[in-house]
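Report on the structure given below.
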Amino acid sequence: MRLIILAPPGGGKGTQASRLSDQYNIPQVETGKILRQAVQEGSQLGKDAKSYMSSGNLVPDEIMIEIIRNRFAEADCQAGFILDGFPRTLQQARALDKLLDEQEVELDAVIYLNVPVAVIQERLSRRRVCSDCGATYHLDTKPPGQTGICDSCQGELIQRSDDREEAIEQRLKQYSSKTEPLLEFYQDKGVLLEIDGAQSISRVESAIDTALTESQ
Ligand code: ADP
Ligand code: ADP
Ligand code: ZN
């Protein structure tokens with residue numbers, strides 16, 4: 001299975017991608033997580049990406065394409081993957097096409113979670129993430145068993161620095177100007193599956209499963 005999950009920030013990409021990754025036994029390639037780890041480690045990539053991320057802007061395409069090229073070279077991506085957070089611009093989408101062509105493989109589907117802005121703002125402001133393993137929670141819709149503590153690793157739950165008002169606004173702007181054009185791009189290729197992403201987590205799960213089955 002070669003999948004992309006596309007949604008506005010906070011639309012539920014990570015939540016659904018991690019489940020699909022288990023279900024299909026394919027790696028979840030999460031560019032936001034790769035970048036956050038680089039920032040934490042203080043590597044050159046982290047230094048280059050940090051200011052873009054904290055202001056809610058996109059990291060330059062060349063950097064992102066290089067990350068994906070390297071990640072695809074790893075053995076676990078040979079049998080498939082789910083891309084979570086990439087591509088986010090037309091230039092990234094075209095570069096991805098080229099990488100897939102080189103490997104003579106094709107995308108199975110682009111799962112698009114359609115979520116209205118009002119819902120997104122609520123989701124982002126109530127999101128909490130594990131500072132150790134990156135697992136994602138929501139104060140109301142997906143609370144941890146114990147307040148402030150990660151269910152899977154007991155790490156401390158924190159709010160992402162870009163999940164605050166000013167950065168959220170900028171991320172939404174970037175999404176509508178740079179990422180939304182991808183909907184037409186993938187629609188034209190006939191691989192776009194549109195899902196109502198404003199439903200509960202379990203309903204979104206079953207809607208994705210139905211759409212994937214019907215598309216095969
Ligand atoms: P969200 O899950 O809220 O959509 P991500 O964790 O995917 O956010 O991404 C966090 C930040 O990392 C983005 O706001 C952006 O700065 C950067 N980023 C992640 N993926 C990409 C990408 N494909 N292109 C450019 N920037 C990216
Ligand atoms: P993304 O990766 O697109 O930024 P997340 O998967 O991190 O989105 O989800 C954003 C927030 O909304 C998280 O707090 C998550 O627990 C919560 N969430 C995800 N999907 C749903 C849903 N269908 N209904 C309610 N809350 C959700
Ligand atoms: Zn954890």
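Quick notes
- Label positions at LEU99 and VAL117, each projected 7 Å from the Cα along the C-beta direction, are separated by 3.1 nm.
- Bridges between two residues of region 94-201, per DSSP, are antiparallel at a rate of about 60%.
- The chain - share of DSSP beta bridges that are antiparallel (%, nearest 5): 35 percent
- Listed residues ALA79, ALA95, ALA38, most fluctuating in the chain (Gaussian network, C-alpha, under 10 Å): ALA79
- Charge tally for PRO9 (other residues, Cβ to Cβ under 11 Å; Lys, Arg +1; Asp, Glu -1): +4.
- Potential lengthening between ARG164 and LYS33 on full extension [0.36 nm per residue; Cα-Cα distance subtracted]: 45.4 nm
- Which of PRO60, GLN103, GLN91, positive extreme of dipole for region 49-103 (C-beta unit charges): PRO60
- Extension gain, ASN70 to LYS142: 0.36 nm times the residue separation minus the Cα-Cα distance gives 22.6 nm.
- Rounded FRET efficiency, nearest 0.05, which uses the C-beta distance separating GLN40 from GLN199 and R0 of 25 Å: 0.15
- Remark: spin-label model distance ASP188-ALA79 equals 3.5 nm, labels positioned 7 Å along the Cα→Cβ axis.
- Helices in the chain, meaning DSSP H runs of at least 4 residues, each add -39500 (n - 2.57). Divided by all residues, the mean residue ellipticity at 222 nm is -14500 deg cm²/dmol.
- In this label model, ASN25 and GLU156 are separated by 3.9 nm, measuring between points 7 Å along each Cα→Cβ vector.
- For the residues ALA118, ALA135, ALA49, a GNM of the chain with alpha-carbon springs under 10 Å puts the largest fluctuation on ALA118.
- Potential lengthening of the chain between LYS50 and ASP209 amounts to 53.7 nm, from the contour at 0.36 nm per residue minus the alpha-carbon distance.
- Whether the chain is rounded, prolate or oblate, judged on the alpha carbon gyration tensor where a/c under 1.5 counts as rounded: rounded
Quick note: the coordinates plus some simple rules give every number you see, no bench work behind them. Fair warning: this is a prediction, and the values are worked out from it, not measured in the lab. Cβ coordinates were reconstructed from backbone atoms using ideal geometry, including for glycine residues, and neighbour counts include every protein chain displayed.
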